[in-house]
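The values are calculated or read from the model by the stated rules, or taken from the named source; none is laboratory data. Just so it is clear, the model here is predicted, and its values are computed rather than measured. Glycine also receives a Cβ, built like all others from the backbone with ideal geometry; neighbour counts cover every protein chain displayed.
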Amino acid sequence: MHRRVLFLAIIASLATSLVGQRIYAQDRSDHLLIKGVTDAKVTLQQGLTAAAQQGRPISAKFEVEDGRLQLSVYTAKGGKFSEVIVDHTTGKVAKTESITEGEDLAEAKAESAAMEKAKTDLKAAVDKSAAATSGSRAISITPALKDGHPVASVTLLTGLQFQTVEQLLE
């Protein structure tokens, strides 16, 4: 269960300040992701809602794992972390795995720390970002602390371009 970072846009946006929006053109490796998300019947927001039955969502993303699209949501509950896979065609929880070690655990702890300070949940942040960009579809949301403030990087797909929007979670 290794979480692959498929979006250079996310990394780049985390390295920038709260300046607004940046658009990144996709490369060929993003073709499966773009096609999969475009064809998916379930939105990122619906995935966040479905995963909430397993704990508080602390991040979410569509990703290509072993050549197949999946919707992965990290959750926190009682000091423990899980990766919840939501079926992108039905919106139902397909699988839940505990996160207990490695980079996944480090990411989950950092995301959870950001969400502890947040007053806005991830679904509301995605809704706000998507509403501000007409015709877009949310691909991922990752919270972080920046200068002590919780901020979410929301990656949107608009046409064939990824756009990352940062939302304050206060």
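Data overview
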| read-out | value |
| --- | --- |
| Single residue of region 18-44 satisfying the filter (out of contact with any strand residue (DSSP E or B) (no Cβ under 7 Å at 6 or more places or on another chain) and farther than 17 Å from Q163 by Cβ) that is modelled with the lowest pLDDT | R28 |
| Unique match (being touching a Lys or Arg at 6+ places or on another chain (Cβ under 8 Å) and either surrounded by 18 or more Cβ atoms within 10 Å (Cβ to Cβ) or closer than 22 Å to A125 by Cα (or both)) among A110, A50, A60 | A50 |
| Members of region 86-104 found to be surrounded by 19 or more Cβ atoms within 10 Å (Cβ to Cβ) and within 15 Å of the chain's Cα centre (by Cα), listed by number | V86, H88 |
| Which listed residue is among the charged types (D, E, K, R), under 13 Å from V73 (Cβ atoms) and in a helix (DSSP H, G or I), from E116, E103, E111 | E111 |
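To keep it simple, each residue is scored yes or no on (1) in a strand (DSSP E or B); (2) within 24 Å of L69 (Cβ to Cβ).
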| site | (1), (2) |
| --- | --- |
| A124 | no, no |
| D127 | no, yes |
| A130 | no, yes |
| A138 | yes, yes |
| I141 | yes, yes |
| L145 | yes, no |
| A152 | yes, yes |
| L156 | yes, yes |
| T164 | yes, yes |
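Condition check ((1) within 20 Å of L32 (Cβ to Cβ); (2) modelled with pLDDT under 95; (3) among the aliphatic types (A, V, I, L, M); (4) out of contact with any Asp or Glu (no Cβ under 6 Å at 6 or more places or on another chain)) across all residues:
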residue	(1), (2), (3), (4)
G67	yes, yes, no, yes
L71	yes, no, yes, yes
T75	no, no, no, yes
G78	no, no, no, yes
V86	yes, no, yes, yes
S98	no, no, no, yes
A110	no, no, yes, yes
A113	no, no, yes, yes
